[in-house]
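A.B. asks: Quick one: the structure is below, questions incoming.
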Amino acid sequence: MEFTCKPTSVDKTFMGTRAWGRRKRPLTHGRLTGLEKAVLLGNLGRMAVLELGDTLSSHLGTLEPRDASLEALQPPRTRLVEDALSFAMQVQSPEVLSHSWRTYYWGVLLGEYRKLDVDREILFAGSILHDVGIATGREKEPCSCCFVVYGAERAAHQLVSKGHDPARVRQIGDAIGLHLNGYVSNRLHGAEAHLLCRGAMCDVFGFGKRRIGPAIKAGVSTDHPRGNLRDALEIWPDHHLEGTRAEFLISLKTARRRRKPREVRPAHVR
């Protein structure tokens, strides 16, 4: 079964899109319904199953990781790419900017692994701007809204102000808004939104990294080092608005940590 961010009975828009983020009370600011929380859990389960499959294939020697040169992975030199990168460099920390570059590279490589036809201009713009909701100059804080939906609106406003095609900007904005769903359907939302999500999940959680060759992984990580990603992305308990995807995902991780058995050390080392 494929879990996807399907429309709910409350609002006929897909979870994570900009339109979804504009819902009226009590679901304002990107708060999830119970059904949407279940969908998010299902998406994470799907990613875990895919990762298990990759692990087994790797052990059996049937997995063929995708490799390439950095030069071959570069985005096209277009005004949209330049404007997106310029804005990202103005407002994002070095750690978040590096994370955004890695998200793009992993997305391209995972797309090539599956032989997907992808618009690299759209994928790059979405990837490089997907975390502007927590960048400097923000007018809203994560405690007051879903930072991803806000970031999608912020990125879209910036690109429209530069005169870019509203239809392409809408595609970029929705890809940004969808990326925190854990899994985004290529069939329903297109390769660019699918691979933005896959790239981000790969960089933060490692999902899909077995599909990427060691040489290109090393090259990307050298050019764009990881740093303290947890603090750069503000992955902190009680920091995000209750009921949003970020808060829900952080609460799951916190709960898992609390369930771990306490280590009992020998008396002589206490």
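A.B. asks: Name the residue, out of Pro94, Pro65, Pro26, whose mean-square fluctuation peaks in a Gaussian network model built on the chain with Cα pairs under 10 Å.
C.D. replies: Pro26
A.B. asks: Calculate, in nm to one decimal, what Lys37 and Leu252 gain on full extension: separation in residues at 0.36 nm each, minus their alpha carbon distance.
C.D. replies: 76.3 nm
A.B. asks: Right, next: For the chain, give the magnitude of the charge dipole about the Cα centre (Cβ charges: +1 Lys/Arg, -1 Asp/Glu; no others), in debye to the nearest 20.
C.D. replies: Roughly 1040 debye for the chain.
A.B. asks: Here's something else I'd like to know. Which one of Met89, Leu180, Gly243 has its Cα pushed farthest toward the positive end of the charge dipole of the chain, where Lys and Arg give +1 and Asp and Glu give -1 at the Cβ?
C.D. replies: Towards the positive end, the residue furthest out is Gly243.
A.B. asks: Which entries of Lys37/Lys140; Lys162/Lys209; Lys115/Lys209; Lys140/Lys162; Lys209/Lys253 have Cα-Cα distances beyond 26 Å here?
C.D. replies: Among Lys37/Lys140; Lys162/Lys209; Lys115/Lys209; Lys140/Lys162; Lys209/Lys253, the Cα-Cα distance tops 26 Å for Lys162/Lys209.
A.B. asks: Given all pairs of different Cα atoms, what value in angstroms does the Kirkwood hydrodynamic radius of the range 1-122 take?
C.D. replies: Mean inverse Cα-Cα distance, inverted, gives 17.8 Å.
A.B. asks: Mind giving me the FRET efficiency for Asp231 and Ser86? R0 is 22 Å, r the Cβ-Cβ distance, nearest 0.05 is fine.
C.D. replies: Efficiency, from the Cβ-Cβ distance: 0.30.
A.B. asks: Same structure, new question: Quick query: amide H of Arg66 versus all other amide H atoms, modeled in the peptide plane; which residues come in under 5 Å with a sequence gap of 5 or more or a different chain?
C.D. replies: Counting only residues 5 or more places away or on other chains, the set is Ile212, Gly213.
A.B. asks: Sticking with this one: How high is the relative contact order of the range 137-198, given as a whole-number percent (alpha carbon pairs under 8 Å, six or more residues apart)?
C.D. replies: Once divided by the residue count of the range 137-198, the mean separation gives 27 percent.
A.B. asks: Same structure again: Over the chain, calculate the relative contact order: mean separation of alpha carbon pairs under 8 Å at least 6 apart, over the residue count, as a percent.
C.D. replies: 26
A.B. asks: Another question about this same structure. Counting Lys +1, Arg +1, Asp -1, Glu -1, what net charge surrounds Ser221 among other residues with beta carbon under 12 Å of its beta carbon?
C.D. replies: Result for the local shell: +2.
A.B. asks: For the range 156-169, what does the Karplus curve 6.51 cos²θ - 1.76 cosθ + 1.60, with θ = phi - 60°, yield as ³J(HN,Hα) per residue in whole Hz, taken in order and with x for Gly and Pro?
C.D. replies: Once rounded to whole Hz, the list reads 4, 4, 5, 6, 5, 5, 8, x, 7, 3, x, 5, 6, 5.
A.B. asks: If the label point is 7 Å along Cα→Cβ of His157, which residues in the range 88-132 have backbone nitrogen under 17 Å from it?
C.D. replies: 88, 90-92, 129-132
A.B. asks: For the range 5-145, with only Lys/Arg (+1) and Asp/Glu (-1) charged at the beta-carbon, what is the dipole magnitude about the Cα centre, in debye rounded to 20?
C.D. replies: It works out to roughly 900 debye.
Every read-out reported here was derived from the displayed coordinates using simple, explicitly stated rules and does not represent laboratory data. A quick note: this is a predicted structure, and the numbers were derived from the prediction, not measured. Glycine also receives a Cβ, built like all others from the backbone with ideal geometry; neighbour counts cover every protein chain displayed.
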